[in-house]
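Asker: The structure under discussion is supplied below as structure tokens; questions concerning it will follow.
The values are calculated or read from the model by the stated rules, or taken from the named source; none is laboratory data. Just so it is clear, the structure is predicted and the values come from calculations on it, not from any experiment. Backbone-built Cβ (ideal geometry, glycine too); neighbour counts: all protein chains shown. Accessible surface areas use protein heavy atoms only, side chains included; no ligands, DNA or RNA. Shrake-Rupley method; radii C 1.70, N 1.55, O 1.52, S 1.80 Å.
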Amino acid sequence: MSNHQQLTDSSKNKSILKILEPIGRNLGLTLFAMFALFPLVWMVICAFKSDAQMYNTVFVFQPTLENFRAVLIGTDYFKAFFQNLVVAGGAVIITVIAGVPCAYALARYNFKKKEDVAFQILSFKFAPEIMVILPIFLIFQKVGLYDTFFGLIWVYQLITMPLLIWVVRGYFEDISVEVEQAAQLDGYTWYEVFFKTLVPLIKPGMVAAALLAFIFAWNSFTFPLILSGFKIQTITITALRYIASDTVHYGQVAVASTIAVLPEVIVALFIQKHLVRGLSFGAVKG
Amino acid sequence: MAQIELENITKQFGDVKALNNVNLTVRDNEFFVLFGPAGAGKTTLLKTIAGAEFPEKGLVRVGGEIVNHVESKDRNVSMVFENYALYPNLSVFDNIASPMRSRLYKKDEEFIKTAVDKVTKMMKINHLLERKPSQLSNGQRQRVALGRCLVRTPNVFLMDEPLAHLDAKLRHFMRGELKEMQTSINSTTIYVTHDYMEAMSLADRIAVLNHGEIIQIGTAQEMYYTPCNEFVARLFGEPEINILEGKMYIEADDIYFKVLNQDVLLHPAQDTIEALRDAGTNSIHIGMRGNDMQFAFEKPGDEWMEGTVYANEPIGNKVIMTVLIADKKISLTCPNDTVAEMDQKVYVKFNMINAIYFNGETKEFITRNNMSRYTAKKEG
């Protein structure tokens with residue numbers, strides 16, 4: 001009898017545990033999500049607050065679109081947005097076009113100082129931008145690249161290229177040379193081998209790296225601050241303007257930032273599938 | 001279908017000579033096997049013919065034309081890679097169809113379907129067509145790779161250990177299929193293996209490679225009965241040939257050996273005596289196959305040597321007994337019902353009529369009984 005009692009007790013405990021476990025897990029995840037998303041939420045909330053209510057309300061306030069009107073209609077925000085898109089997008093496109101062959105060469109061919117070259121490329125990311133900005137500024141002024149799309153896109157390669165090269169190189173190294181040789185024996189020309197056989201295999205890594213590169217380029221602050229400003233203005237620089245000399249218009253900064261984040265969020269959601277797979281290496285072995 | 005000729009091929013990887021001055025002619029419609037230990041340069045040789053590797057020196061001819069500067073896609077060769085080299089992003093069907101979809105060897109989809117169907121049925125993988133290579137076992141992958149090679153009708157098939165990862169039964173079956181196919185479609189095939197049974201059963205001719213050099217080219221019979229040196233002799237046959245270090249005594253009208261510090265005198269066959277006299281050394285190594293020895297557990301006579309049983313391994317259709325004579329391990333092939341205790345005394349008699357003689361200093365082949373039979377075959 002007591003034995004039976006114990007049994008049902010333990011099974012009852014088990015069933016309670018079974019209910020509690022997912023609840024606890026979801027609760028934990030929810031808490032973490034709130035913690036992680038709070039800055040974003042706070043930013044969106046601020047975007048709807050008027051300057052008057054900025055400091056004395058938390059969640060309860062009178063929502064207003066005044067900030068949006070001020071930013072979107074009152075300033076040339078859209079121009080900056082578009083120019084940022086051109087610069088960051090252009091930088092990523094050039095990075096992919098130049099970086100993928102570079103990664104292939106570093107993965108496949110043996111040449112002198114190969115590892116040194118690879119490390120040199122990576123080391124571009126080590127130095128803080130502020131360290132190199134002055135010489136670049138002087139050079140750009142001299143050769144007429146200052147305040148041009150081309151100049152910015154070029155210098156953005158420092159940010160975008162190393163990441164892509166190193167990620168994609170790892171992918172190329174994972175593909176055995178024999179796969180390429182087999183494709184050649186099957187009668188494909190080198191560019192068919194590249195586009196039909198290799199590109200599908202490196203695509204996850206390439207897409208993930210390109211997305212991260214895009215985010216870095218989109219958010220870049222130091223380079224556009226120093227190297228442009230009159231003809232070309234990126235969003236990060238424009239957002240500065242709402243910090244006026246007398247007061248900081250937090251609402252307008254929040255609006256500028258919220259809209260600036262949108263393309264990144266949209267692109268990330270779009271290629272989430274690749275992003276998860278892409279940064280976990282060795283996914284193409286087979 | 002074409003004749004393949006290699007002339008003075010040398011290929012280097014850094015300081016390592018993968019191929020050293022290789023000369024080779026594979027005749028039209030021949031099934032040619034490259035055989036040798038790991039790292040001998042077999043795969044490099046295949047890739048040189050395929051155009052995946054380019055030799056530093058020498059000429060590669062396919063069907064009489066020099067192809068050193070012809071890209072591999074234009075050589076019209078078909079190859080099975082040792083590591084399969086399947087396209088991970090394509091299904092089994094698409095993998096096998098790939099060579100027929102390239103612009104160079106284009107076929108219409110109807111044709112592709114029947115061709116893939118035929119080859120996958122033969123490989124017994126026709127139930128896997130929709131799968132990706134990552135969802136297959138190694139044996140299945142290997143068959144897909146083989147299938148992709150066989151759907152074409154190239155100048156030459158190059159196969160790099162195409163059966164190595166199959167289970168024994170399937171390997172045996174595929175061996176038969178390959179042989180059958182080779183005779184029915186008349187193709188030149190170069191086949192790399194390190195399994196001597198595969199080599200002997202499939203080959204019209206075999207080339208033994210070691211350290212990037214060709215040691216011997218010949219038929220399976222020649223490899224087995226008249227190996228050009230001890231290295232080749234050791235490669236063929238299971239158990240491995242026993243090489244006995246002997247001392248030759250030449251007397252006026254007699255010639256005999258002593259081996260393994262035993263008093264027993266071994267007399268060579270009559271027709272080998274002349275060659276042995278001319279050997280120029282009295283250190284002779286005697287090659288003795290496991291089935292060229294007799295054994296007994298009671299001493300039948302004076303010409304039998306005494307040893308002890310070191311190991312006794314039944315392997316199904318025979319038993320391999322390892323006998324220790326004067327600290328030298330000798331492997332014998334015994335009938336299936338042989339039972340022996342460890343360290344039991346055993347008496348062994350060498351059947352000198354089948355002995356193969358090697359020069360003890362150079363390890364080169366000297367002679368064997370009934371040479372004319374094997375050399376005659378060579379010329380024919």
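Asker: Just to check your reading of the model, which residue among B:E82, B:E53, B:E65, B:E30 is away from every other protein chain (no Cβ under 14 Å) and either touching a Leu at 6+ places or on another chain (Cβ under 8 Å) or in contact (Cβ under 8 Å) with a residue 24 or more places away in the chain (or both)?
Answerer: Criteria check complete, one pass: B:E30.
Asker: Quick one: which of B:L146, B:L163 is touching a residue at least 24 places away in the same chain (Cβ under 8 Å) and within 14 Å of chain A (Cβ to nearest Cβ)?
Answerer: Just one listed residue meets the conditions, B:L146.
Every residue, every condition in (1) modelled with pLDDT of 90 or more; (2) within 21 Å of the chain's Cα centre (by Cα), yes or no:
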position	(1), (2)
B:L34	yes, yes
B:A52	no, no
B:L59	yes, no
B:V80	yes, yes
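Asker: Working only within the range A:136-161, note down all residues that are over 19 Å from A:P204 (Cβ atoms), part of a helix (DSSP H, G or I) and either within 14 Å of chain B (Cβ to nearest Cβ) or not hydrophobic (A, V, I, L, M, F, W, C) (or both).
Answerer: A:Q141, A:K142, A:G151, A:Y156, A:Q157
Asker: If the requirement is being within 14 Å of another protein chain (Cβ to nearest Cβ) and over 30 Å from A:L72 (Cβ atoms), which of these qualifies: A:W190, A:W166?
Answerer: None of the other options fit; the residue is A:W190.
Asker: Something else now. Scan the range A:193-213 residue by residue and report those that are more than 12 Å from every other protein chain (Cβ to nearest Cβ) and within 26 Å of the chain's Cα centre (by Cα).
Answerer: Within the range A:193-213, A:F195, A:G205, A:M206, A:V207, A:A208, A:A209, A:A210, A:L211, A:L212, A:A213 qualify.
Asker: Out of the residues in the range B:97-139 meeting the condition of being among the hydroxyl-bearing types (S, T, Y) and in contact (Cβ under 8 Å) with a residue 12 or more places away in the chain, tell me which one is farthest from the other protein chains (Cβ to nearest Cβ).
Answerer: My answer is B:T120.
Asker: Tell me, please, whether a residue that is at pLDDT below 85 and open to solvent by less than 60 Å² (accessible area, probe 1.4 Å) can be found in the range A:78-89.
Answerer: Among the residues of the range A:78-89, not one is at pLDDT below 85 and open to solvent by less than 60 Å² (accessible area, probe 1.4 Å), which makes the answer no.
Asker: Give me the residue from the range B:227-253 that is assigned to a loop (DSSP other than H, G, I, E, B) and open to solvent by less than 20 Å² (accessible area, probe 1.4 Å) and, out of that set, farthest from B:R373 (Cα to Cα).
Answerer: Applying the filter and picking the extreme gives B:P239.
Asker: Being part of a strand (DSSP E or B), over 30 Å from B:F32 (Cβ atoms), open to solvent by 70 Å² or more (accessible area, probe 1.4 Å) and in contact with a Leu (Cβ under 9 Å, 6 or more places away or on another chain) is the requirement here; does B:Y256 meet it?
Answerer: no
Asker: If you go through the range B:302-332 one residue at a time, how many are at negative phi and outside any strand (DSSP E or B)?
Answerer: Qualifying residue count for the region: 6.
Asker: Go through the range B:333-377 residue by residue and tally those that are touching a residue at least 40 places away in the same chain (Cβ under 8 Å), crowded, with 17+ Cβ neighbours inside 10 Å and of a type in the set (A, V, I, L, M, F, W, C).
Answerer: 10
Asker: Assess whether B:S91 counts as being hydroxyl-bearing (S, T, Y), closer than 22 Å to B:L166 by Cα and in contact (Cβ under 8 Å) with a residue 40 or more places away in the chain.
Answerer: Spelling it out, B:S91 is indeed hydroxyl-bearing (S, T, Y), closer than 22 Å to B:L166 by Cα and in contact (Cβ under 8 Å) with a residue 40 or more places away in the chain.
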